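Contents: one structure, followed by commentary.
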Amino acid sequence: MRIVVYGAGGIGCYVGGRLAASGSPVTFVGRPRMAAELATHGLRLTDYLGADLRVEPGAVRYETAPGAAAEADLVLVTVKSAATATAADELAGVLKPGALVVSFQNGIRNGTILAERLTEQRVLTGMVPFNVLNSGGGHFHQGTEGALDIQRDAALTPYVAAFEQAGLPLKQHHDILPVQWAKLLLNLNNPINALADVPLRDELSDRAYRRCLAAAQAETLELLAAKGLEPAQILRVPMRRFPMILRLPSFLFRRLAASMLAIDPLARTSMWEDLQAGRTTEIDYLNGEVVRLASELGRTAPVNARLVELIRSAETNRRPWSGPELLRELQG
Ligand SMILES: NC(=O)C1=CN([C@@H]2O[C@H](COP(=O)(O)OP(=O)(O)OC[C@H]3O[C@@H](n4cnc5c(N)ncnc54)[C@H](OP(=O)(O)O)[C@@H]3O)[C@@H](O)[C@H]2O)C=CC1
Ligand SMILES: CC(C)(CO)C(=O)C(=O)O
């Protein structure tokens, strides 16, 4: 039952690391920079509940060539969305027929991109609800709560115990699409956090940034209603009530939505990390997905479209946006 993590960065090292720390045979496939880091430091996996686990350098199997996936029974795909098609083509050249492939990525279409290219394998869609902070030196920290969500499938049965053992139980769903859209509603905050250039907790404590997110979510919820798709409830409150809660004055928000601010003080979004590292972001797969949905319905999504444009421009020319400034821009 060899597990391969394909695209082992923040999420891949954390999820694969916890599986390895609890005794599962895991091979990581990723970049030479990460291979060197883990060869020196090994892995340290911590979480908001106080877990502190280690995988010693000699026990981390980190490879940089796709061929390392040839022996995989289960592949966890954890590349960013823009890299999915290339990863799928590489995997198609090496995987055994019948191998199980799971996308643990944000966005809606990664599972489809994988399935189109991996016709001899079984592809499932998963979702990671929590934040992982890559602190460097092989240390990955889960900063928020949540179980791994995944499309229900009998092929998962041999792996359920391993994930349970790793402290990452799988929550299986008959229909994963409403779960993906619920997560995407939260990820609409990724560009706002990346443009704000502050930790998530500071950003969500600022009502102007929250109103930006509320506007992006309200626009998306209307489109989903028009499409007849009800997002799943993945947090304590139904998704459709989020915009109203986000718009509350800060003293009320802190009182009524304390759990939304229960985030590691250093945590930021994966899109902030991309801008920081000078990489192309996932904006086309997040807010861009809303713009696509609007056009499919013959409508527009001006708030999300503007966020796409602002991130496109920040990919080459970055500067921090204050809350009121960003709100004016989105209302404009
Ligand atoms: N970080 C977080 O807190 C969360 C992230 N997510 C989602 O999880 C997914 C993964 O995110 P995250 O872990 O942050 O991303 P990272 O960028 O940290 O990790 C992905 C890694 O895969 C590498 N990679 C890309 N293409 C290949 C390839 N063909 N072969 C081998 N390695 C490759 C990347 O290298 P390079 O950069 O050089 O291309 C990078 O090191 C995303 O969809 C993200 O939105 C979901 C929940 C929370
Ligand atoms: C968990 C969350 C919403 C924030 O870290 C995320 O998915 C991301 O950063 O991409």
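Worth pointing out:
- DSSP-defined beta bridges in the chain - what % are antiparallel, rounded to 5: 25
- Relative contact order for the chain, counting Cα pairs under 8 Å that sit 6 or more residues apart, in percent: 15
- The chain: angle of helix 287-296 to the longest principal axis, Cα-based, in degrees nearest 10: 70
- Calculated [θ] (222 nm, deg cm²/dmol) that DSSP helices of n ≥ 4 give over the chain, each run adding -39,500 (n - 2.57): -13000 deg cm²/dmol
- Around the amide H of residue 61, modelled in the peptide plane, lie the amide H atoms of 28, all under 5 Å away and 5 or more residues distant in sequence or on another chain.
- Between helix 207-227 and the chain: long-axis angle, C-alpha atoms, 0 to 90°, nearest 10: 80
- The angle between the Cα long axis of helix 302-316 and the main principal axis of the chain comes to about 60°, on a 0 to 90 degree scale.
- Accessible area per residue in Å² at 1.4 Å probe, computed on the chain: 42
- Beta bridges per DSSP with both ends in segment 1-87, % antiparallel, nearest 5: 25
- Carbon/sulfur fraction of accessible area - segment 178-331, other protein chains in place, 1.4 Å, %: 51
- Taking the DSSP beta bridges with both ends in segment 10-145, the antiparallel portion is around 35 percent.
- What the Cα atoms of the chain give is an Rg and a Dmax of 19.4, 56 Å.
- Accessible surface of segment 3-174 [probe 1.4 Å, protein heavy atoms]: carbon and sulfur percent: 50
- Amide H contacts under 5 Å for residue 171: 148, 149, 150, restricted to partners 5 or more places along the chain or on a different chain, H placed in the peptide plane at 1.01 Å from N.
- Under 5 Å between amide hydrogens, built in the peptide plane, is the criterion, and for residue 101 it picks out 75, 122, 123, 124 among residues at least 5 positions away or on other chains.
The values are calculated or read from the model by the stated rules, or taken from the named source; none is laboratory data. Computed from a prediction, not measured in an experiment: that's the story for all the values here. These area figures cover heavy atoms from the full protein model, side chains too; ligands, DNA and RNA do not enter into them. Shrake-Rupley method; radii C 1.70, N 1.55, O 1.52, S 1.80 Å.
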